[in-house]
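What follows is a set of notes on a single structure, which appears directly below.
The values are calculated or read from the model by the stated rules, or taken from the named source; none is laboratory data. All figures in this text were calculated on a predicted structure; none of them were measured in a lab. Reconstructed Cβ throughout: ideal geometry from the backbone, glycine too, with neighbour counts over all protein chains shown. Surface accessibility is based on the protein's heavy atoms, side chains included, excluding ligands, DNA and RNA. Shrake-Rupley method; radii C 1.70, N 1.55, O 1.52, S 1.80 Å.
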Amino acid sequence: MRVHHLNCGSHCPLGGALFDGASRGPLAHIPTHCLLVETDRTLVLVDAGYGLRDVRHPHPRLPRLWRTLLNIRLRERDTAIRQVQALGHDPHDVRHIVLTHLDFDHAGGVEDFPHARIHVLAAEHDAAARRRGFVARQRYRPRQWDEASDWRLYEPGGEPWFGFGAVRGLDGLPPEILMLPLSGHTLGHAGVAVAFDGGWLLHAGDAYLHHRQMTGARPSLPPGLAAYQRIMDSDHAARTRNLGRLRALAREGPPDLRIVCSHDAAELAAAQAQTQSQVQS
Ligand SMILES: [Zn+2]
């Protein structure tokens, strides 16, 4: 099992450090962190980022207001399919996509992999199909995934994973990949845990947005990002509760556990550097 950390779309909102806590210039740099997992038999994507059709026809696939606010940089080379090819793989070998949720910045690449089975929590699929309210209509863009036909929808439950409810036995996937319901950002939001190299990698999706929410004595994040997070909360109380559980997991969980989220540049750079050093050694 090998894991690649990909940035499948950049957001560069005006506000710089007010959004990412690090940029010196007027624009922030916020990646969309996806995983490409090489198993014995297949390739698995964890989240799909923006896809080729988002790059070629952003309107009406992406919400205009969000596109402007986030200053989304759409580049073909950032799409998962182009990065899969750049790594020397055939995109047809991507047989599974496990989605943390169906927001437009996570599901845009789904249709670039027509042979892939899509795994998502049933509650998320339901929320995305209903699109109740203004924010839901902006964040969920059915055009991005309505051609996908091979869905697997899961209910939470099953044997827990370090105190978290887990969905195990994802259809067609090895037991080393499981989903953890982490609702809040969206109603059916999930983390995806991958066991490899004797440890665990947990992709927490948008359960948090900045590493300082996980590492500080108290969760904190840049004010622009905090405002964005609040707007996007489907269930604020659940998101806050799950953040507390993730912080406890980081403190008290297994030593060989790395937790990453979708939109933190420092986490992505550290994970990519580690993968690079593993390849070289
Ligand atoms: Zn996101």
Only one of (1) more than 15 Å from the ligand (Cβ to nearest atom); (2) farther than 27 Å from Ala127 by Cα is not met by Arg241, so which one is it?
(2)
Counting only strands (runs of 3 or more DSSP E) entirely within the stretch 164-281, those with at least 1 residues that are under 23 Å from Arg73 (Cβ atoms) are 199-203, 257-260
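Taking the condition within 14 Å of the ligand (Cβ to nearest atom) and either under 17 Å from the mean Cα position of the chain (by Cα) or buried (at least 17 other Cβ atoms within 10 Å of the Cβ) (or both), does His96 pass? Show your work before the answer.
Numbers: within 14 Å of the ligand (Cβ to nearest atom): no; either under 17 Å from the mean Cα position of the chain (by Cα) or buried (at least 17 other Cβ atoms within 10 Å of the Cβ) (or both): yes.
Spelling it out, it is not the case that His96 is within 14 Å of the ligand (Cβ to nearest atom) and either under 17 Å from the mean Cα position of the chain (by Cα) or buried (at least 17 other Cβ atoms within 10 Å of the Cβ) (or both).
I'd like the full set of residues that are open to solvent by less than 10 Å² (accessible area, probe 1.4 Å) and under 17 Å from Phe104 (Cα atoms), limited to the stretch 174-190.
Of everything in the stretch 174-190, those that are open to solvent by less than 10 Å² (accessible area, probe 1.4 Å) and under 17 Å from Phe104 (Cα atoms) turn out to be Gly184, His185, Thr186, Gly188, His189, Ala190.
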Looking at this structure, is His263 within 16 Å of the ligand (Cβ to nearest atom), open to solvent by less than 60 Å² (accessible area, probe 1.4 Å) and closer than 24 Å to Leu153 by Cβ?
no
Which condition number in (1) assigned to a loop (DSSP other than H, G, I, E, B); (2) in contact with a Gly (Cβ under 7 Å, 6 or more places away or on another chain) is the one that Leu18 fails?
(1)
Select from the stretch 42-85 the residues that are without any contact (Cβ under 8 Å) to a residue 40 or more places away in the chain and in contact with a Pro (Cβ under 8 Å, 6 or more places away or on another chain) and list them in ascending order.
Arg67, Ile81, Gln85
Given the conditions (1) assigned to a helix (DSSP H, G or I); (2) of a type outside the set (Ser, Thr, Tyr); (3) within 16 Å of the ligand (Cβ to nearest atom), which single one is not true for His125?
(3)
A careful count of residues in the stretch 43-102 that are in a helix (DSSP H, G or I), of a type in the set (Asp, Glu) and under 28 Å from Glu155 (Cα atoms) gives 1
Matching entry among Ile118, Ile177 (being closer than 23 Å to Asp256 by Cα and in contact (Cβ under 8 Å) with a residue 24 or more places away in the chain)
Ile177
Checking the conditions here, which among Asp206, Asp233, Asp256 is more than 18 Å from Phe19 (Cβ to Cβ) and either more than 16 Å from the ligand (Cβ to nearest atom) or touching a residue at least 12 places away in the same chain (Cβ under 8 Å) (or both)?
Asp256
